[in-house]
1. Could you go through the stretch B:258-266 and let me know if any residue there is within 12 Å of chain A (Cβ to nearest Cβ) and modelled with pLDDT of 95 or more.
2. Please go through the stretch A:224-238 and pick out each residue that is outside any loop (DSSP other than H, G, I, E, B), modelled with pLDDT of 95 or more and open to solvent by 10 Å² or more (accessible area, probe 1.4 Å).
3. Looking at the stretch A:24-82, which of the residues that are free of Cβ contacts under 8 Å to residues at least 40 places away in the same chain, among the basic types (Lys, Arg) and touching a Lys or Arg at 6+ places or on another chain (Cβ under 8 Å) is nearest to the other protein chains (Cβ to nearest Cβ)?
4. All but one of (1) over 20 Å from residue A:346 (Cβ atoms); (2) within 14 Å of chain B (Cβ to nearest Cβ) hold for residue A:257; which doesn't?
5. Scan (1) more than 7 Å from every other protein chain (Cβ to nearest Cβ); (2) closer than 30 Å to residue A:40 by Cβ; (3) touching a residue at least 40 places away in the same chain (Cβ under 8 Å) for the single condition residue A:119 breaks and write down its number.
6. Hey, residue B:12 hits all of (1) at pLDDT below 95; (2) closer than 20 Å to residue B:424 by Cα but one; which does it fall short on?
7. Can you spot a residue in the stretch B:151-159 that is out of contact with any Cys (no Cβ under 9 Å at 6 or more places or on another chain), assigned to a helix (DSSP H, G or I) and among the aliphatic types (A, V, I, L, M)?
Amino acid sequence: MSARVVVAGSGAICAAGRTPGEIWDAVCTGRPAIRPIEQWDASGWPTSLAGEIPGLDPRALVEDRKLHKLLQRSDLLGLYVAGRALDESGFVAYREALDPPAAAAVNDRTGVYVGQGGSGYQNDYEFFPLLTIANGDLGTFGRELAATVNPMWLLRSMPNNVVCHIGIRHGLKGPNACVTNHSVSGSLAVAEAAAALRAGEADRALAVGHDAPIEPQVVLYYHQLGLLSADGLWPFDARRSGSLLGEGAAALLLETESAAAERHARVFGEFLGSGCTTEAEGLLAIRADGDGLAGAIALALEDAELRPAEVGMVVAHGSSTRQSDASEAAAIHRVFGATAPPVTAFKWAFGHPLAASGILDSVLAMVALRHGMVPGVATLRELDPDLGNLPVSKLPQAPRSDVALVLNRGFGGSNTALVLRAAASEAR
Amino acid sequence: MTGKPRRVAITGLGLVTPLGNDVAATWDALLAGHSGVAPITHFDASGFPVRIAAEVKEFDPRHAIEDRKLLKYANRSHVLALAAAEEALRDAGIRPEVSDATRWACVVGTGKTGLGFGELGEVHRHCAPDGHFRPDRLLTDAFAMDPLAFCRSQTSAGLALLLQRFGIRGYATAVHTACASGSQAVGTAMKLIRRGTADYVLAGGFDSMIDPIGLASFCLLGALSTDNETPERASRPFDATRNGFVLGEGAGLLVLEPWDAARRRGARIYAELAGDGNSLSSYRITDSHPSGDGPIQAMRQALTTAGVRPEEVDYLNAHGTSTLMNDRSECAAVRAVFGSHAGQIGVSSTKSLMGHLIAGAGAVEAAVCALAIHHGVQPVNANLAAPDPECDLDFVRGQPRVRRIRAALSNSFGFGGSNSCLALRNPDEVEG
């Protein structure tokens, strides 16, 4: 019998707030944190809106200034939420009270699983001054390299920076992974962390997802691909016209039930299961029938040993593109038939933070279960009649149990589903 | 899952490496001691402090992949991966069918992707001719409007191509922990089968950083050997005179399946993929602790999860990058884990011949271990004239060592501190 996996800490940041509570409050007020992009002047752009974190000050996120030169914007977000989740969990205080060999053993048994979205394009622009000097001559490029480009360039570019620096800053030394699978990276980090705990490879694991895709070349590509809206996110709405990029990060500290009990941890919820499938039809293709997503949900419920009727709420991917929302609705109908639980989505509030989205939605799903409330999709005006009788609402709904199903989709036809439960009481 | 975890068999191998464009050519070159390191031909490297690399040679993507449309979505490392995957599936004699596609998974370690050098040059010419980037120029840049360039630059692009090409519809993921990527991917794949998430996994790693930016990035860190005049001797892990690693490129893919299923269908089993160790050094970005802390935990876990006793290990494919800090830390770790048995293990770093394939390295080296077990031969650690006195292991020098291997380990340690160790076991040891 594999170990039960509980949640003992969380952290989150996005355009709508810098803690899970702040983000929850913003979602409940119904005002989207979608604003004109500030990182460059995008006023004349076909898409000029995004879910940017306003006034982002690196020092407010990660106090060690030496580290700032070694990290990209997305990495700062990931390190910040990791620290918040550890703080909230009381893990550090527990470890400090142990004698050194016991603390070392705890570190060896604590894993780090991170999902991230790729390092974007801007980092490569640091070669532009050198390209200008070289003027097409590679000989000059090679000779002037050392004098022109920051010697630490590669280290800042590494996709696995958050794994590395969580390790160095917090001393965690257990099993680890850095998932680089577009928008499902964060939810796969949760799934793999939980699998490591179930298999006895670790007693605790920090799962993190982070992304900061709002940069000029990314926005333009997404626009070219027809994925972006000109004015806002309206998931499942008849007039939805596309998604908008967001940025952010979220973290969950997972522990086996016995490891949490060992340190008398406050338990917020439980990981029950996960499912992952792909549709294998190319990087950008999505099947209209929602086949891959329906398969992922079925696998996750099987893993959680639950029937569809036991699911209390669904946090949909709800990216607000015509195709993704329609196929997602098809998948939900296929699994739940005429009796789907309340469905909501959160991206309307802070944009689509790609690799962070699945884990950020998971953190919010657990807040929702704790409050016994499924927040409405505030931007919904008229449910798309082509989506059938999907139980999504502009107004809050009541979950029908303490179990949430969190759906997440990414490029390559990737689909994941996570099943989470809120703790019956906050103290165990 | 209840009961005993499923035993995992390696039944298919595919390689495209600097030593050869398939498994047979790579293995032959390893045994013959031919070096894959030579002056760089991919671009004019004459101005760089390092002008040598281990390139994949005479590789024609159209020969390997007849689907021309697919190739438009692929960068060089993706094409190498597609070719290696094709060989691995052919070698295994099994491939995803519509009926079992959802029971196939794919886990790959992928390189740090982004724009190609030529593509970056296009953006520079249009948007930053004076070196200063002007975002608005992108709006009139035909290249920045090209969805194909976007697709090729995605970190999950190689994965998506493999899934599409071979029709894999189960669990799929791409991972990146620098030089440990390929090995972590193979380890994760093993666990997917053990926990019942998948029945078959196409797993491996691929990378190609031999372009001006990739070479520059390692030159800036001073991590590469500058022995431009003697390329075939430049990579000399554990030698007292080593002075850095040699950048390579390539792909290694493996087909994994449950042992019993492999036996039932009469498949050739190269080895059991028996154990996986995975740890974080949490010491420095680019180094492990000199004591071997970090790698020690990974090797111990690999042995434990494999149920292999230290004295059963006959061969270690070392990470062996040919950098001072790595080589010494790794040797300290081997001594700490194996104690007096450390001297009985044949050790070689095949990076001495094929260079460092970065995200592809761990997967290619896992395949080398499977071949070493299958053939009963330990490939050499080339260029080891005078071992560093701090590295006092039993290195395979001069000639490959013909000797039955009961169990083998493959080490991979990445920038960022991720350590991965895979344990492989001889099929005869499994079935007595």
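1. no
2. A:228 - this is the single residue of the stretch A:224-238 that is outside any loop (DSSP other than H, G, I, E, B), modelled with pLDDT of 95 or more and open to solvent by 10 Å² or more (accessible area, probe 1.4 Å).
3. My answer is A:65.
4. The failed condition is (2).
5. Every listed condition holds for residue A:119 apart from (1).
6. Unmet condition: (1).
7. Residues of the stretch B:151-159 that are out of contact with any Cys (no Cβ under 9 Å at 6 or more places or on another chain), as a first pass: B:151-156, B:158.
Okay, now just the ones that are also assigned to a helix (DSSP H, G or I), so B:151-153, B:158.
Among the residues that remain, those that are also among the aliphatic types (A, V, I, L, M) are: none.
Within the stretch B:151-159 (the criterion being out of contact with any Cys (no Cβ under 9 Å at 6 or more places or on another chain), assigned to a helix (DSSP H, G or I) and among the aliphatic types (A, V, I, L, M)), the answer is no, since none of the residues qualifies.
Rundown of residues vs (1) open to solvent by 10 Å² or more (accessible area, probe 1.4 Å); (2) not in a helix (DSSP H, G or I), yes/no style:
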site	(1), (2)
B:327	no, no
B:334	no, no
B:339	yes, no
B:347	no, yes
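The values are calculated or read from the model by the stated rules, or taken from the named source; none is laboratory data. It should be emphasised that the depicted structure is a prediction, and the values quoted were computed from it without experimental measurement. Using ideal geometry, Cβ is built from the backbone for each residue, glycine included, and neighbour counts are taken over all protein chains shown. Surface areas here come from the heavy atoms of the whole protein model, side chains and all, with no ligands, DNA or RNA. Shrake-Rupley method; radii C 1.70, N 1.55, O 1.52, S 1.80 Å.
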